[in-house]
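The values are calculated or read from the model by the stated rules, or taken from the named source; none is laboratory data. As the structure is a prediction and not an experimental result, all values here were calculated from the model. Here the Cβ is made from the backbone with ideal geometry for all residues, glycine too, and neighbour counts use every protein chain on show.
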Amino acid sequence: MSKPYASVRLSPPKTPVGGRIVLPGSKSITNRVLLIAALAKGRSHISGALKSDDTTYMAQALRQLGVTVTENGETDFVVESSGVLSASQAPLFLGNAGTAVRFLTAAAALIEGETVLTGDAHMQKRPIAPLVTALNAAGVRAVAPSGCPPVTVSSRGGFANRDLVVDASLSSQYVSALLMAGVAGDAPLRLGVKGDDIGARGYIDITLTCMRAFGAEIAPTGPLSWEIANTPYAARDYWVEPDASAATYPWGINALLGAQIDIGIAPGDMMQPDARAYDYIAQFPNLPEVIDGSQMQDAIPTIAVLAAFNSRPVRFVGIANLRVKECDRINAVATELNRIQPGLAQEIGDDLLITPDRSLIGRRVEVDIHTYHDHRIAMAFAQAALVIEGLRILDPGCTAKTWPNYWRDLQSVGVEMAFE
């Protein structure tokens, strides 16, 4: 998209959809590796990386903290660092990049001085209090009056207390943030998770894999506890695998249309937890009656929209954390499906029940789909717009958060659309 448009209208295809799409790199991995490389002394070359709003905010924040981050081509970053972050005179503005805000809030504890982290209006509604509480327990002064950004972190350059417990019931990113910052210090860091309530455990595993790739030594001390040695990171070259959350959209389109979109990588070759969504999507139109989304949260909007055309109702459980993403994704999906046809979706506590109607396929329904400035809502509802004529998706530019070329890439495989 060369300019911002108010909406896009997709046309149900009259000819087969197919071809090769090159997925963007994983946002989750890119932002982890950018930070870890910034904490490593030397020069790291990151290839296959995602270039999007979220990673742009992370890279710019690292530059403010004294790290040299250069961009080579569309998928490469070069990070050169002394291994020590410097205080920034200006606040770090991070848009609505949840990974960047949470990871850098913990990393700010390694900076001597005061760091202010903030974001846009959406970011200022996303909770960060559990991470702030953990930092205060570590002897770092962290303040977030609203429980959401902006956050002010004042530190002498590290964690004074190196035996921590964090409440990760709202987000596993709090754990990842503390893990990545934990290598710095004069003694190992012991980190545990409060209780056993944690979603998206797979993303913690991604964090551990990325850390170890840069030389970190981590030993599990329990199901949800670790000891991180105070061994500095070592700069290295790193390839970022394609984004599994992004892969769910072409997988969904293939299932719904019988399309032949090739993304160049098999689900089993991805370490990201959202890759397991393929096992469900491949069952369409016979999705199971209950789907536990706790370990593939970003994939749920994709599968939920697909479920509107399933052969039987589907109840999504284990998805409470979707309420504190870029928007309340449970409510957003339910609201927009019911805008297409009342009764398609129902919120039951923090569960989402989809009661499908396959007769919608091929019908015309003149409806504007609101996207809540949320990239995943926009891309998920593109599926519906390919089988229901008349759907118009508002704010299509919001996909720049993780897939800037999403609409162009759909056009490249035969999807017709008109921007307004």
Answer residue from region 314-365, given it is closer than 30 Å to residue 54 by Cβ and of a type in the set (Lys, Arg) and is surrounded by the fewest Cβ atoms within 10 Å (Cβ to Cβ) among those: 323
Among the residues that make up region 184-197, is at least one of them among the hydrophobic types (A, V, I, L, M, F, W, C) and under 30 Å from residue 19 (Cβ atoms)? no
For residue 392, state whether it is over 19 Å from residue 7 (Cβ atoms) and either out of contact with any Leu (no Cβ under 7 Å at 6 or more places or on another chain) or not assigned by TED's automatic domain parsing to the domain that holds residue 286 (or both). no
Count - residues of region 348-376 that are touching a residue at least 60 places away in the same chain (Cβ under 8 Å) and closer than 21 Å to residue 259 by Cβ: 3
Across region 303-313, which residue is surrounded by the most Cβ atoms within 10 Å (Cβ to Cβ) among those that are touching a residue at least 60 places away in the same chain (Cβ under 8 Å) and in contact with a Pro (Cβ under 9 Å, 6 or more places away or on another chain)? 306
Out of the residues in region 156-198 that are modelled with pLDDT of 95 or more and among the hydroxyl-bearing types (Ser, Thr, Tyr), which is nearest to residue 134 (Cα to Cα)? 174
Looking for whichever is at pLDDT 95 or above, more than 19 Å from residue 99 (Cα to Cα) and touching a Gly at 6+ places or on another chain (Cβ under 9 Å) here; the options are 218, 263. Which one fits? 218
Check residue 226 against each of (1) part of a strand (DSSP E or B); (2) surrounded by fewer than 15 Cβ atoms within 10 Å (Cβ to Cβ); (3) touching a residue at least 24 places away in the same chain (Cβ under 8 Å) and name the one condition it does not meet. (2)
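Residue-wise test of (1) in contact with an Asp or Glu (Cβ under 7 Å, 6 or more places away or on another chain); (2) buried (at least 24 other Cβ atoms within 10 Å of the Cβ); (3) not assigned by TED's automatic domain parsing to the domain that holds residue 41.
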residue	(1), (2), (3)
96	yes, yes, no
101	no, yes, no
123	no, no, no
131	no, yes, no
Condition test on residue 31, is it touching a residue at least 40 places away in the same chain (Cβ under 8 Å), of a type in the set (S, T, N, Q) and within 20 Å of residue 204 (Cα to Cα)? yes
Tally time: how many residues in region 274-295 are modelled with pLDDT under 95 and of a type outside the set (Gly, Ala, Ser)? 1
Complete set of residues in region 386-400 that are assigned to a helix (DSSP H, G or I) and either surrounded by fewer than 24 Cβ atoms within 10 Å (Cβ to Cβ) or without any contact (Cβ under 8 Å) to a residue 40 or more places away in the chain (or both): 397, 398, 399, 400
Of all strands (runs of 3 or more DSSP E) completely enclosed by region 265-378, which ones contain at least 1 residues that are within 30 Å of residue 20 (Cβ to Cβ)? 290-292, 364-369
Give just the number: which of (1) farther than 22 Å from residue 120 by Cβ; (2) in contact with a Gly (Cβ under 8 Å, 6 or more places away or on another chain) does residue 321 not satisfy? (1)
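Quick one: which strands (runs of 3 or more DSSP E) sit completely within region 88-178 and have at least 1 residues that are closer than 24 Å to residue 66 by Cβ? So that I can check it myself, show each step before the final result.
On the way: elements: 112-118, 141-143, 151-156, 163-166.
Qualifying strands (runs of 3 or more DSSP E): 112-118, 141-143, 151-156.
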Name the residue that is surrounded by the most Cβ atoms within 10 Å (Cβ to Cβ), counting only residues in region 273-302 that are in contact with a Leu (Cβ under 7 Å, 6 or more places away or on another chain) and among the β-branched types (Val, Ile, Thr). 300
